Structure formats: structure tokens, C-alpha cells
Amino acid sequence: MGLSIPMSMPLSGAALRAGALEVVVLGGHLLLYPTGVCQEKVTTRPPATRPPVLLLHGFTDNRSIFVLLRRALGAGGRHVEAYNYSPFTLDLRVAARHLARHVEELCERTGQDRVDLVGHSLGGLVGRYYVQRLGGDTRVRTLVTLGTPHSGTRVAPFMDAHPLVRQIRPDSEVMAELAAPAPDCTTRCVAFWSEFDALMTPAGSARIEHPDLCVENVQVTGIGHLALVAHPAVIAAVRRTLDGPGLVAVTGTDAASVA
């Protein structure tokens, strides 16, 4: 969570628009943040024909970041929930184990064998660790990540005192685990990344580069880190991703299918 625009970023019109949008999204999110502090109440619904969707927030954030995305996904008839992992979490792997238990409970409540995960920033990495290292691919049909540091990020070196931040550095033990072979992983992974994501250093670190995974990397144009969960074009693309296997290309004002 937060806004950071490096001074080295070219002050092009697209970069300025992306930065302005980040400020707007940040302001709205700060207003909504208190509403997502508590874990949401779980509900039992009749079995659906599509897997339920579980949303995973990023570092220092909570489920309130997904207010627009959740509404859009739920409008399609899906069962959608958002999961708050503890703000005091110091180990991504612990958060992934807690996620594993929550997914089992969600499958039991909804009568489904598999779920779809959508993770923003660190939440996407928690989801990927569960899928790739804890056998979560047997439960997760599709993993969608939005601005997730899959190869690690070097942003904000002054925050290395926090154990979670150290785990998302390129040379961390967690990154080495995720780079290890995963020949039997069956989950479809779709990673949305943007050249204007100021929290990804370099920006391409939000791509998944792994020879054993079923991966689709979708580049987003003209959208920053926080806006990835709020922009209508990205939200529409996530819906299409969960509806079927087609790839999408996304810009700040449009989204179009590609072969």
C-alpha cells in the first residue's frame, strides 16, 4: 500500500496520468481502509457452477482495497470472498499455510473442489507460494496476480528491517524456493504487470518467469500499482481471465482480446 514515483521515471504524459490516478485511488482507499480491518463474516451459499473467488490483499493493506473488483466479480454470479491475513505476519510462508486452511474451509462451505485466487502485490506472492510449494495447485484452478513481485523488488531499501520485505528481495530464500522446479503444478497463473508500477523495481519483476508453470503475463499500460485493483479495464480483464483461457491486453482506457 502506498504511492511512490521514482524521480528517475520519465515525466511523460502517460506517467503523469498514471501518477495522478494513483493519488486519486490512494485517497479513496484511505477513506475505505477502516471498513476492511476486521475479517469478513463467512457465509454458506448453495453450490455454484463456477469456483468461488478468494481475494488476497498486499503488504500493510486489507480487504477494503478490493471494493470495486469484488463488486464486479460478484455481479457475474460468482461467490467472492476477501481474506485478511494478519498485519503482524512476519513470514510469507506462514501466511501461505494459513491461506491453505482457509481455502479448505471455503471449499467445504461452497461445495466446490477448486477455487480461483486473485492477489494484489504481496497477496499474489502468498497465493503463488501456496500453489507452488504447499500443494495448493490441487485446490486452485486459476491464480491471478496484480502487481506482484514474482522476481523480487528492490524498491525502498530502507524497509529491509521488516522480515516480509526482506523476503520479497530478489536474493531471498523465498524467491529461491519459488524459482525451484515445480513440474507437477497444474494451476493456471495469470500475472498483470505495468511499466508504471513504481513499487516493482524493475517493473518486469511482476512477470512470472518459470519454465514449469502454466503462465500468461499480461502487460498493463498507463496504470500504477494501486490502480491495478480499481481500474475498470483491469477489472474487466480479470473477469474475462476467470471466465476462460483467453489472453487479454490492457491499457489505461481500453482492453482488448488477443490471440
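The values are calculated or read from the model by the stated rules, or taken from the named source; none is laboratory data. Everything quoted here is computed from the prediction, not taken from an experiment. Here the Cβ positions follow ideal geometry from the backbone for every residue, glycine too, while neighbour counts run over all protein chains shown. To get the accessible areas, we keep the full protein, side chains included, count just its heavy atoms, and leave off ligands, DNA and RNA. Shrake-Rupley method; radii C 1.70, N 1.55, O 1.52, S 1.80 Å.
Of all residues in segment 191-203, none are within 29 Å of GLU104 (Cβ to Cβ), at pLDDT 95 or above, open to solvent by less than 10 Å² (accessible area, probe 1.4 Å) and part of a helix (DSSP H, G or I).
Here PRO46 passes the criteria (1) surrounded by 11 or more Cβ atoms within 10 Å (Cβ to Cβ); (2) farther than 21 Å from LEU228 by Cβ; (3) at pLDDT below 80 except the one numbered (1). Of the residues making up segment 135-154, those that are free of Cβ contacts under 8 Å to residues at least 60 places away in the same chain, surrounded by fewer than 21 Cβ atoms within 10 Å (Cβ to Cβ) and over 13 Å from VAL174 (Cα atoms) are GLY135, THR138, ARG154. For segment 60-82, which positions are touching a residue at least 40 places away in the same chain (Cβ under 8 Å) and either closer than 17 Å to ARG109 by Cβ or open to solvent by less than 50 Å² (accessible area, probe 1.4 Å) (or both)? Listed by number, the residues that qualify are ASP61, ILE65, PHE66, LEU69, ALA72, LEU73, GLY76, ARG78, GLU81, ALA82.
Here ILE168 meets the list (1) of a type outside the set (Lys, Arg); (2) more than 18 Å from LEU54 (Cβ to Cβ); (3) surrounded by fewer than 23 Cβ atoms within 10 Å (Cβ to Cβ); (4) at pLDDT 95 or above almost entirely, failing just condition (3). Could you please find all residues in segment 93-134 being among the aliphatic types (A, V, I, L, M) and either at positive phi or open to solvent by 30 Å² or more (accessible area, probe 1.4 Å) (or both)? Passing the criteria: VAL94, LEU134. Filtering segment 96-144 to residues that are of a type in the set (Asp, Glu) and outside any loop (DSSP other than H, G, I, E, B) leaves GLU104, GLU105, GLU108, ASP116, ASP137. Per the listing LEU21, LEU31, LEU26, the residue uniquely outside any loop (DSSP other than H, G, I, E, B), open to solvent by 90 Å² or more (accessible area, probe 1.4 Å), modelled with pLDDT of 65 or more and closer than 29 Å to THR153 by Cα is LEU31.
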